1. Please identify the pairs in which a residue from region 163-187 that is free of Cβ contacts under 8 Å to residues at least 24 places away in the same chain and within 20 Å of residue 83 (Cα to Cα) has its Cβ atom under 8 Å from the Cβ atom of a residue that is assigned to a loop (DSSP other than H, G, I, E, B) and open to solvent by 20 Å² or more (accessible area, probe 1.4 Å), counting only partners at least 6 apart or on another chain.
2. What residue, among those in region 164-200 that are out of contact with any strand residue (DSSP E or B) (no Cβ under 9 Å at 6 or more places or on another chain) and small (Gly, Ala, Ser), is surrounded by the fewest Cβ atoms within 10 Å (Cβ to Cβ)?
3. Please count how many residues of region 5-30 are part of a helix (DSSP H, G or I), of a type in the set (Ser, Thr, Tyr) and open to solvent by less than 10 Å² (accessible area, probe 1.4 Å).
4. Residues of region 259-274 being under 18 Å from residue 131 (Cα atoms), of a type in the set (A, V, I, L, M) and modelled with pLDDT of 90 or more, which ones?
5. Looking at region 127-143, can you tell me whether even one residue there is buried (at least 17 other Cβ atoms within 10 Å of the Cβ), closer than 22 Å to residue 5 by Cα and in contact with a helix residue (DSSP H, G or I) (Cβ under 9 Å, 6 or more places away or on another chain)?
6. Cβ contacts < 6 Å: first residue closer than 25 Å to residue 261 by Cβ, restricted to region 126-152; second residue in a loop (DSSP other than H, G, I, E, B), any location; separation 6+ or different chain. Result?
7. Filter region 216-229 down to the residues that are of a type outside the set (A, V, I, L, M) and touching a Lys or Arg at 6+ places or on another chain (Cβ under 8 Å), then identify the one that is nearest to residue 184 (Cα to Cα).
8. Restrict the check to region 50-59 and report whether at least one residue is in a helix (DSSP H, G or I), crowded, with 23+ Cβ neighbours inside 10 Å and not small (Gly, Ala, Ser).
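The values are calculated or read from the model by the stated rules, or taken from the named source; none is laboratory data. Please read all numbers here as calculations on a predicted model, not as lab measurements. When we count neighbours, we look across all protein chains shown, and the Cβ atoms used for this are built from the backbone with ideal geometry, even at glycine. All accessible areas refer to the heavy atoms of the entire protein, side chains included, with ligands and DNA or RNA removed. Shrake-Rupley method; radii C 1.70, N 1.55, O 1.52, S 1.80 Å.
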Amino acid sequence: MTHPTLSVMVPALNEEDSIAQTLTRLCEQIEDLNEIIVVDNGSTDRTAEIVSECSAREPRIRLVSETRPGLIFARNAGFEASTSELTARLDADTVPHPGWARSIREFFADMPDDVVLATGPLTPFDSPFKKTFEKSNQRLIARVRAKSDDPRGIVGLHMATGGNSVLRTAVWPTIRDAVSDRPDVYEDLDLSLCCREAGYRIAFIVGMAADSSARRFRSSPRSYGRYMRQLPETYRIHGLHGEARKSRLQVLNNRVLHLFTWLPTRAYDAKTGTMSFRRIFRSDDPSDTARV
């Protein structure tokens, strides 16, 4: 069975603290990757320099520049630059588990053509609630396997999580004009809805697991509230007003959960596994990053 080729794009804005680790973990799976595309979205730190240093050691890493600010434009540039049959996306603070790339290629090797978008388990590696998230993912995987005849995953998902996702590259030109470039939308939900409206299906791949930073959960309640309001707005621009109303409950639940976990998450030091009162006052609001 022939496995499709796979490119990975990594949108990046001022990610000098995390980009090297992400690229290192991807290079450990380089035999399953056609290329690694880092889309620099106007970084003012050493992000581009670090990527160039990594590229000198691994020529399949290449740097692409996107001057229009915003994750959506960086993501779109990554799709445009891809030369593979599949284009995965990882956030710059996200590291794939061993076998991540292989699981994607094996899953799509015999999937029908209408299965075009997929996602996998995502766990925050620097959260005091990491074990809770891991147990939640284990329950999710158990439910997926119970619903599917294929132990690798399940088809029929509502949406894909953008920071750990993969798209059939040939589909991008067919939905490119439909995806929104508004800064007030959930870009991953928007992309998922565009795929579904075009008659395509979304899948969950069990082996497509990755760890990501919990920096979103460290943002202030006000910033997190602005972020969550993007959910009903995205449904509205797709004319799904009933879904928009239903999503308000999810927005409320997520904001309450964030309120209870915000201070412990800010105080947590993942390197030492300890809490520090001083860390609560550090300045690292993700509203200043490309992920928003």
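1. Listed by first residue and then by second, the contacts come to 175/198.
2. 199
3. Residues that pass the stated criteria total 1.
4. 263, 267
5. no
6. Taking only residues 6 or more apart or on different chains, the pairs are 126/213; 126/214; 126/270; 127/214; 137/121; 141/206.
7. Across region 216-229, the extreme among qualifying residues is 227.
8. There is at least one residue in region 50-59 that is in a helix (DSSP H, G or I), crowded, with 23+ Cβ neighbours inside 10 Å and not small (Gly, Ala, Ser).
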